[in-house]
Amino acid sequence: EPASAASVAGLLALAKKGYFGASKTAGKQRTAVCVLTGHGLKDPDTAIRSIGKPKSIPAQQDRVLKEIDR
C-alpha cells in the first residue's frame with residue numbers, strides 16, 4: 001500500500017533537514033518508529049487479481065473442514 005510510505009517519507013525528509021539533531025550519547029543510535037497501516041485491501045479488485053478469485057464452498061462444517069484439510 002503506497003499510502004503507508006507517507007510516514008517513512010516524512011521521517012526521511014525531517015532527518016535530512018536535521019530535525020532530530022545528533023544523539024546526546026556518543027555511540028548510541030536513535031530509533032524511530034513509523035506506523036504502516038496500509039494493507040491493500042481497500043482495493044479488493046487488485047488483491048483478488050494478485051492471488052486469484054476466492055473459492056466458494058457451501059456454508060457447511062464438513063465442507064469447510066474438508067477444504068482446510070482437517
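Some observations on this one:
- Only Lys, Arg, Asp and Glu carry charge here, each on its Cβ (+1 for the first two, -1 for the last two); on that basis the chain has a dipole of about 400 debye about its Cα centre.
- Against the chain, whose longest principal axis comes from its Cα atoms, helix 5-16 is set at around 10 degrees.
- Label of the coordinate-derived value, Cα extents along the principal axes in Å, listed as (i) 46, 29, 18; (ii) 33, 29, 21; (iii) 62, 27, 15: (iii)
- Relative contact order for the chain, counting Cα pairs under 8 Å that sit 6 or more residues apart, in percent: 31
- Cα-based Lys proximity count in the chain, under 27 Å, for pairs eight or more positions apart or on separate chains: 7
- The length gained on full extension between ALA15 and VAL35, counted as 0.36 nm times the residue separation minus their Cα-Cα distance, comes to 5.5 nm.
Here, each number is a calculation from the coordinates, and none is a lab measurement. All figures in this text were calculated on a predicted structure; none of them were measured in a lab. Every residue, glycine as well, gets a Cβ built from its backbone with ideal geometry; the counts of neighbours run over all protein chains shown.
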